[in-house]
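Down below is the structure, laid out as structure tokens.
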Amino acid sequence: MNDLEQLVQGAVVEFDAAPSPAELENAKARYLGRSGRVTELLKGLAALDAQAKKARGAEINQAKARIEAALNASRERLAEAELASQLQAEALDVTLPGRRRGTGGLHPVSRTIERIEAIFASMGFDVAEGPEIETDWMSFTALNNPENHPARSMQDTFYVDVKDSEGRWLNLRPHTSPMQVRYARAHAAKYAGAATMPEIRVVAPGRTYRVDSDATHSPMFHQCEGLWIGENVSFKDLKFVFIEFIRQFFETDDFDARFRPSFFPFTEPSAEIDIAFRSGPLAGRWLEVAGSGQVHPNVVRNYGLDPERHIGFAFGMGPDRLAMLRYGVSDLRQFFEGDLRFLTQFK
Ligand code: PHE
């Protein structure tokens with residue numbers, strides 16, 4: 001094997017062994033670079049005479065061409081290897097199921113509240129919302145529940161570390177009943193001085209708060225207040241409206257309702273409303289769904305109205321309870337834990 005043949009084979013071995021493009025380029029420099037071995041050989045031609053130069057030059061150029069061919073072959077090999085590894089790294093498994101865009105859904109309690117609103121709207125009730133942080137007057141005093149009266153302890157109220165303009169602690173409203181006062185006062189003010197006043201008919205759903213927590217009580221829960229004030233709105237109307245609501249809400253006539261005597265400072269007489277389904281898993285069990293009564297004259301006065309002329313009823317019901325009954329949920333707290341495994345069942 002002559003020296004040129006050895007040179008070519010050495011180059012082929014080195015190029016083949018190069019593990020990366022950078023190392024291949026280093027190997028190339030050793031042969032074809034400015035002081036590479038081929039270049040040195042070509043420089044050596046200067047010392048030969050014309051004839052020998054021609055013959056030797058041709059041989060060297062041939063060897064050089066073979067080295068360049070080997071270089072190109074190795075470059076291709078490395079490029080292919082790189083492509084193959086890239087393809088493997090970014091491989092797509094086209095047999096995997098596609099990722100769907102998640103669709104949201106209304107929370108079961110929100111659905112229940114919308115349902116309540118729609119049923120009462122169909123009976124001519126307005127829908128109103130009010131603040132969750134209330135003054136002492138709105139939550140209690142205006143509702144015939146004076147300071148230091150024992151009835152205040154019926155509600156385990158959360159207080160806010162801020163005082164209102166009368167120097168009393170603000171509270172997280174323990175019921176939606178302040179909305180009776182807010183809505184009726186705005187209504188009375190709007191028609192002050194007018195010859196006649198349209199009836200007040202409103203439902204006011206929203207969040208309410210009490211220091212209470214077990215399977216059927218959450219410190220944050222919902223209520224929906226109802227109020228109907230006219231010139232001659234009586235307990236009979238309360239019974240009709242509420243039973244009609246229950247019929248529509250549960251889409252059944254197959255239940256009994258009872259108005260159980262009770263006490264609220266803001267109504268007289270007062271009643272808890274219980275229902276019992278006649279069939280199904282809850283058949284025969286009385287379930288409390290609302291507090292209610294004819295609005296107390298003192299409260300009508302605080303609406304800015306004359307109790308000799310304007311009378312009617314109010315009720316406060318628990319949408320959370322209604323949602324539990326409608327969907328068969330046994331622990332109220334599940335509604336507020338934000339567990340998607342629970343919530344997505346209602347989509
Ligand atoms: N506010 C009462 C409660 O939270 C319910 C109620 C509302 C009772 C309206 C009578 C009239 O228990």
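The values are calculated or read from the model by the stated rules, or taken from the named source; none is laboratory data. Please read all numbers here as calculations on a predicted model, not as lab measurements. All Cβ positions, glycine included, derive from the backbone under ideal geometry; neighbour counts span all protein chains shown. Quick note on the areas: whole protein, heavy atoms, side chains included, nothing else; ligands and nucleic acids left out. Shrake-Rupley method; radii C 1.70, N 1.55, O 1.52, S 1.80 Å.
What's the total number of residues in region 301-332 that are more than 13 Å from the ligand (Cβ to nearest atom) and open to solvent by less than 10 Å² (accessible area, probe 1.4 Å)?
Within region 301-332, the subset more than 13 Å from the ligand (Cβ to nearest atom) is 301-311, 322-332.
In the following step, the residues that additionally are open to solvent by less than 10 Å² (accessible area, probe 1.4 Å) were identified as 303, 322-323, 332.
Count: 4.
Do we have any residue at all in region 209-232 that's of a type in the set (Asp, Glu), touching a Phe, Trp or Tyr at 6+ places or on another chain (Cβ under 9 Å) and part of a strand (DSSP E or B)? Among the residues of region 209-232, at least one is of a type in the set (Asp, Glu), touching a Phe, Trp or Tyr at 6+ places or on another chain (Cβ under 9 Å) and part of a strand (DSSP E or B), which makes the answer yes. Of the residues making up region 159-185, not one is modelled with pLDDT under 95 and either within 14 Å of the ligand (Cβ to nearest atom) or not assigned by TED's automatic domain parsing to the domain that holds Glu268 (or both).
If the Cβ limit is 8 Å and pairs must be 6+ apart or interchain, which residue in region 276-303 that is over 13 Å from Pro265 (Cβ atoms) pairs with which residue that is within 14 Å of the ligand (Cβ to nearest atom) and of a type in the set (Lys, Arg)? If the second residue must be within 14 Å of the ligand (Cβ to nearest atom) and of a type in the set (Lys, Arg), the pairs left are Leu287/Arg321; Glu288/Arg321; Val289/Arg321.
Of all residues in region 262-289, those being in contact with a Lys or Arg (Cβ under 9 Å, 6 or more places away or on another chain) and in a strand (DSSP E or B) number 10. Close Cβ contacts (under 7 Å, 6 or more residues apart or on different chains) running from residues in region 176-193 that are over 13 Å from Ala142 (Cβ atoms) to residues that are within 11 Å of the ligand (Cβ to nearest atom) comprise Thr176/Ala204; Thr176/Thr208; Thr176/Gln223; Thr176/Cys224; Thr176/Glu225; Thr176/Gly316. Mind listing just one residue for me: the one in region 221-238 that is away from the ligand (no atom under 14 Å from the Cβ) and either hydrophobic (A, V, I, L, M, F, W, C) or more than 14 Å from Gly124 (Cα to Cα) (or both) and, of those, least open to solvent (accessible area, probe 1.4 Å)? By that ranking, first place goes to Ser234.
Only a single item in (1) within 16 Å of the ligand (Cβ to nearest atom); (2) surrounded by 13 or more Cβ atoms within 10 Å (Cβ to Cβ) is not met by Ser153, and it is number (2).
Out of region 77-107, which residues are of a type in the set (D, E, K, R) and surrounded by 10 or more Cβ atoms within 10 Å (Cβ to Cβ)? Don't jump to the end; show me each part of the working.
From region 77-107, those of a type in the set (D, E, K, R) are 77, 80, 82, 90, 93, 99-101; that's our starting set.
Matches in region 77-107: Arg77, Glu80, Glu82.
Within region 301-347, the set of residues being outside any helix (DSSP H, G or I) and of a type in the set (A, V, I, L, M) comprises Leu305, Ile311, Ala314, Met317, Val329. Would you check if there is a residue in region 186-203 being out of contact with any helix residue (DSSP H, G or I) (no Cβ under 8 Å at 6 or more places or on another chain) and either open to solvent by less than 10 Å² (accessible area, probe 1.4 Å) or within 14 Å of the ligand (Cβ to nearest atom) (or both)? Taking every residue of region 186-203 in turn, none turns out to be out of contact with any helix residue (DSSP H, G or I) (no Cβ under 8 Å at 6 or more places or on another chain) and either open to solvent by less than 10 Å² (accessible area, probe 1.4 Å) or within 14 Å of the ligand (Cβ to nearest atom) (or both). In region 158-172, the condition of being open to solvent by less than 60 Å² (accessible area, probe 1.4 Å), in contact with a strand residue (DSSP E or B) (Cβ under 8 Å, 6 or more places away or on another chain) and under 20 Å from Ser270 (Cβ atoms) is met by no residue. Filtered by the rule that a residue be open to solvent by less than 20 Å² (accessible area, probe 1.4 Å) and assigned to a helix (DSSP H, G or I), region 290-300 gives Val299, Val300. Before we move on, is Arg260 open to solvent by 30 Å² or more (accessible area, probe 1.4 Å) and within 16 Å of the ligand (Cβ to nearest atom)? Taking the combined requirement at face value, the residue satisfies it. Quickly run through region 89-120 and pick out the residues that are assigned to a loop (DSSP other than H, G, I, E, B), closer than 30 Å to Gly226 by Cα and at pLDDT 90 or above. Correct list: Leu106, His107.
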